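Colleague: Please read through the structure below; I'll follow up with questions.
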Amino acid sequence: MITLSKSAKKSLEDYLRQARAYLRGSKSLDADEVEQNITEHIENELEGAAEPVSRDVLDAVLKKLGSPQQWVPEEELSWWWKIIFRLRSGPEDWRLAYISLTLLVAGLLMLPYAPAGIVLILASFLASRAALSEAANPNELKAQKWFLYPSLIIVYLFVLLVLLAWPLGLLIPLADGYEHALMESSSRFNNETDYWITAVSVILAGLGLWWCILAIVLLKPRRLLRVLFRPFAEMVRSKWAIRLLLIGLALMILSAGTGILYYQDFI
Amino acid sequence: MDAKFFDNWTNQLRKGVLELCILNDIRNRKMYGYEIVRRLRKIEGLIISEGAIYPILSRLKRQGLVETSIQESPDGPARKYYKLTKQGEEMVSQMNAYWQAISGATDSIEKG
């Protein structure tokens, strides 16, 4: 048994996986037998080479063996096998890119039948994140970005929207009939306008406070931001957090000011 | 355009000729896969990727033209030897005759 270097071993594993996947698509041959012959061929070719065998030496042998796609005529393979082959045997970053895009398209098509669509989009997001983890540097992903980034952008935009605007969601139950109950139970509100000015002021003040907290979190633990919104967090600048902080403060002041101005007569 | 045409033509021709060469190679004695590759790679232009020989051997076996036997090797693990079956011998005889006829006819046309 010949000892291979770590990188040569990985190269051989990738090659044999690719060969196995491709050969299994042809019914006219025995994939296991061919794989065994290929392995023997490699061992024979490497006999006498300095051990551990380097990747360069191994790659020269693999180059002479050729790509498994050259071994079996394409017409012997069905179209669906060719797609499966690309998914199963392509380099990891491409495989995950194909999976991510397929899941996203399926998710968007299934969206009317929630939760299946949402689950598929989340699965696509996870595949994209896995591809990012696989790549040492996201900048290494070139064309794959077009397959990986759509699901990331969709999920990140949703998360961002929820993070920024969830306090506004409190307006929904207030508008949904609760105002009458509140107006009846509170003598402070003379009419509906009073009620709404109070409710909106309180919620905007809450929103302002939340944005201030969010801005401080964004300013300090940048690492958390990088992990959560990889790889786009790199584009976020400190000045954005400062702007969010200032807007938050402005909202709080505006709400407090409105309350004071409106209720000064009562006070 | 000419180069592409030539590549396509040689690819089509090579596929059939490679099968004929493999069958002829094991006609007189059984051989193991790597041994066949080593012999055939000496023929210039016949093999583009050496790995292509193994799927052909497997396909020929499935078609019943060759059969295999495992034999101990003094140099290492046991080897799988390929040899022609009776059906394979008949087939290679027919193929050789056809090849001779085509080759002869092509030569005579070329010479005018």
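The values are calculated or read from the model by the stated rules, or taken from the named source; none is laboratory data. Predicted model, so just to flag it, every value in this text is computed and none were measured. Note: ideal-geometry Cβ built from the backbone for every residue, glycine included; neighbour counts use all protein chains shown.
Colleague: In segment B:41-68, how many residues are surrounded by 12 or more Cβ atoms within 10 Å (Cβ to Cβ) and more than 12 Å from every other protein chain (Cβ to nearest Cβ)?
Modeller: 4
Colleague: A follow-up question, please. Which ranges mark the helices (runs of 4 or more DSSP H) fully within segment A:1-103 that have 1 or more residues being modelled with pLDDT under 90?
Modeller: Correct list: A:6-23, A:31-46, A:79-89.
Colleague: Hey, B:ILE22 hits all of (1) surrounded by fewer than 19 Cβ atoms within 10 Å (Cβ to Cβ); (2) within 27 Å of A:TYR22 (Cβ to Cβ); (3) without any contact (Cβ under 8 Å) to a residue 40 or more places away in the chain; (4) away from every other protein chain (no Cβ under 12 Å) but one; which does it fall short on?
Modeller: (1)
Colleague: Just one of B:GLY76, B:GLY51 is in contact with a Pro (Cβ under 8 Å, 6 or more places away or on another chain), under 20 Å from A:VAL61 (Cβ atoms) and not acidic (Asp, Glu); which is it?
Modeller: Only one candidate qualifies: B:GLY51.
Colleague: Please determine whether any residue of segment B:101-112 is touching a Ser or Thr at 6+ places or on another chain (Cβ under 7 Å) and free of Cβ contacts under 8 Å to residues at least 40 places away in the same chain.
Modeller: No, every residue in segment B:101-112 fails to be touching a Ser or Thr at 6+ places or on another chain (Cβ under 7 Å) and free of Cβ contacts under 8 Å to residues at least 40 places away in the same chain.
Colleague: Is it the case that A:VAL72 is of a type in the set (A, V, I, L, M), more than 38 Å from the chain's Cα centre (by Cα) and crowded, with 19+ Cβ neighbours inside 10 Å?
Modeller: No, not satisfied.
Colleague: Now for a different question. May I ask you to list the residues in segment A:140-162 that are at pLDDT 75 or above, farther than 22 Å from A:LEU111 by Cβ and in a helix (DSSP H, G or I)?
Modeller: Within segment A:140-162, A:LYS145 is the sole residue that qualifies.
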